[in-house]
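A.B. asks: This is the structure, below, for whatever I ask next.
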Amino acid sequence: MTSPATLNPAPLRQGDSPRQVAAPPSPWRVVGRVTATIWSNRKARIGVVILGVFLLTAIFAPVLAPYDGSANGFARSANGSSAHWFGTTAAGEDVLSQLIYGARVSVLVGFVAGLFSTIIAVLIGLSWGYVRGFAADVINFIVNLFLVIPALPLMIVIAAYLQNGGIGMIVLVVVITGWAWGARVLRSQTQSLRSRDFVTAAVFSGESPARIVFREILPNMTSLIVGSFFGASTAAILAEAGLEFLGLGDSTTVSWGTMLFWAQNSNALLTGQWVLLFAPGLCISLLATSMSLINFGVDGLSNPRLREGATR
């Protein structure tokens with residue numbers, strides 16, 4: 001039963017101030033909490049540092065690189081020296097400069113393709129998880145079709161058809177083939193949230209489905225969306241390197257994938273220039289690993305146990 005004190009609250013005394021309604025946290029405070037949670041995880045901290053190094057390298061490539069990435073007026077297939085720390089390629093290009101400039105392409109493709117893949121996954125996954133009937137069946141058929149077809153062969157076929165399209169073509173191919181898995185994961189979580197009390201209350205209050213999905217359900221899926229972004233970015237980085245290595249990209253672009261492509265064509269291992277394959281391969285692995293490590297911190301956003309365990 002409700003107490004009388006609840007029905008008839010005591011009047012305010014002289015000097016008392018009415019209770020203020022708590023204001024919603026500012027976006028900067030939310031960003032600060034997310035950053036602190038991710039940074040509190042040791043693995044995520046290492047990933048952030050590695051990713052930050054690559055981001056700074058990509059931004060300040062013209063300052064850090066000793067030569068232009070496409071300059072080819074040096075001695076061909078030269079070993080490491082004070083002038084060329086990692087040696088030169090068979091075309092007379094400085095390997096270290098190409099390695100530094102190559103970070104730009106991998107970071108750009110990873111973040112842009114990961115962003116668009118995540119946006120498509122969010123739009124389709126949330127809509128798919130909320131709607132029912134014929135529309136849900138159509139979306140289910142489309143998503144399952146993309147999941148059943150192996151990603152790498154589909155990627156190769158599309159890239160071969162759109163050959164010589166440059167970085168934009170690679171981003172498009174990665175987005176087309178990389179959104180389906182994230183959509184399925186978000187759809188499962190949406191179906192779990194749609195039966196919650198706050199969603200039911202929003203339905204009975206007459207709110208539109210779009211408002212319910214993007215104002216009520218979406219904010220509760222932050223960790224999944226951020227994790228999906230980093231997963232999609234990792235896949236995009238590896239896919240870009242793979243397509244460039246197979247010669248399906250723009251071979252004139254300075255990237256880690258094209259470095260592997262030209263090193264393979266020039267038989268770098270047979271000539272003893274293993275650094276031409278090892279250096280870009282290591283950079284690709286470290287960049288992909290950094291995003292995977294950050295995901296450990298992202299898990300703490302939705303699981304307090306992981307967050308508490310990470311701070312010990």
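A.B. asks: Which one, Leu269, Leu277, Leu126, has the greatest fluctuation when you compute a Gaussian network model over the chain with C-alpha springs under 10 angstrom?
C.D. replies: Leu269
A.B. asks: I would also like to ask the following. Taking the Cα atoms only, what angle lies between the long axis of helix 151-161 and the longest principal axis of the chain, rounded to 10 degrees?
C.D. replies: Roughly 60 degrees, rounded to the nearest 10.
A.B. asks: Might you report the magnitude of the Cβ-based charge dipole of the chain about its Cα centre, with Lys and Arg at +1 and Asp and Glu at -1, to the nearest 20 debye? Let's see the in-between values first.
C.D. replies: Numbers: 19 positive and 13 negative charges, 245 e Å.
Charge dipole of the chain: 1180 debye, to the nearest 20.
A.B. asks: In a Gaussian network model over the chain where Cα atoms closer than 10 Å are linked, find which of Thr271, Thr258, Thr35 has the largest mean-square fluctuation.
C.D. replies: Thr271
A.B. asks: Further question on the same structure: For Ser292 and Phe60, what does the FRET efficiency come to when R0 = 30 Å and r is the distance between their Cβ atoms, rounded to the nearest 0.05? Each step should come with its number before you reach the end.
C.D. replies: Working: r = 25 Å, r/R0 = 0.83.
For R0 = 30 Å, the calculated efficiency reads 0.75.
A.B. asks: Would you kindly state how much longer the chain becomes between Gln264 and Ser285 on full extension, computed as 0.36 nm times their sequence separation minus their alpha carbon distance, in nm to one decimal?
C.D. replies: Values: separation 21, 0.36 × 21 = 7.56 nm, distance 1.80 nm.
Separation in residues times 0.36 nm, less the Cα-Cα distance, equals 5.8 nm.
A.B. asks: Extension gain Thr35-Tyr161, at 0.36 nm per residue separation less the Cα-Cα distance, in nm?
C.D. replies: 41.2 nm
A.B. asks: Under a GNM of the chain (C-alpha, springs under 10 Å), which listed residue has the highest mean-square fluctuation: Leu248, Leu286, Leu186?
C.D. replies: Leu286
A.B. asks: While we're on this one: Taking the 0 to 90 degree range and rounding to the nearest ten, how far is the long axis of helix 166-178 tilted relative to the main principal axis of the chain, both from C-alpha atoms?
C.D. replies: Here the helix axis deviates by roughly 50 degrees.
A.B. asks: Going by alpha carbons, how many degrees (0 to 90, nearest 10) lie between the helix axis of 222-245 and the longest principal axis of the chain?
C.D. replies: Taking the Cα atoms of the chain, the angle to 222-245 is about 10 degrees.
A.B. asks: Take Arg196 and Thr222, extend 7 Å from each Cα along the Cα→Cβ direction, and tell me the distance between the two endpoints in nm.
C.D. replies: So the two model labels end up 1.3 nm from each other.
A.B. asks: Between Val131 and Leu145, with labels modelled 7 Å along Cα→Cβ, what's the label distance in nm to one decimal, could you check?
C.D. replies: Calculated label separation equals 1.5 nm.
A.B. asks: In the set [x] 32, 23, 19; [y] 49, 26, 14; [z] 33, 19, 19, which value of semi-axes √(5λ) of the Cα gyration tensor in Å was calculated from the structure you see?
C.D. replies: [y]
A.B. asks: Would you calculate a helix-derived [θ] at 222 nm for the chain, using -39,500 (n - 2.57) for each DSSP H run of n ≥ 4 and dividing by the full residue count, to the nearest 500?
C.D. replies: On the way: 14 runs with 205 residues, N = 312.
Calculated mean residue ellipticity at 222 nm is -21500 deg cm²/dmol.
A.B. asks: In addition: In the chain, if the dipole is taken from +1 on Lys/Arg beta carbons and -1 on Asp/Glu beta carbons about the Cα centre, which of Ile170, Leu108, Ala183 is farthest to the positive end?
C.D. replies: Farthest towards the positive end: Ala183.
A.B. asks: Using the Karplus curve 6.51 cos²θ - 1.76 cosθ + 1.60 with θ = phi - 60°, work out ³J(HN,Hα) for each residue of the stretch 103-118 in order, rounded to whole Hz, and write x for Gly and Pro.
C.D. replies: Ordered by residue, 3J(HN,Hα) equals 4, 4, 5, 5, 5, 5, 5, x, 6, 5, 5, x, 5, 5, 4, 5 Hz.
A.B. asks: Long-range amide H contacts for Phe86: which residues qualify at under 5 Å (H placed 1.01 Å from N, peptide plane, sequence gap of 5 or more or a different chain)?
C.D. replies: Ser81, Val95, Leu96
A.B. asks: A further question on this structure: For the pair Phe278 and Ala83, how long in nm is the line joining their label points, each one 7 Å along Cα→Cβ?
C.D. replies: In this crude label model, Phe278 to Ala83 measures out at 2.4 nm.
A.B. asks: Could you work out how much longer the chain between Arg76 and Leu152 gets when fully extended? Use 0.36 nm per residue separation minus the Cα distance between them, nm to one decimal.
C.D. replies: Numbers: separation 76, 0.36 × 76 = 27.36 nm, distance 3.42 nm.
Full extension from Arg76 to Leu152 adds 23.9 nm.
Read the figures in this text as sums done on the coordinates, not as results from a lab. All values reported here derive from a predicted model rather than from experimental measurement. Positions of Cβ are backbone-derived with ideal geometry, glycine not excepted, and every protein chain shown enters the neighbour counts.
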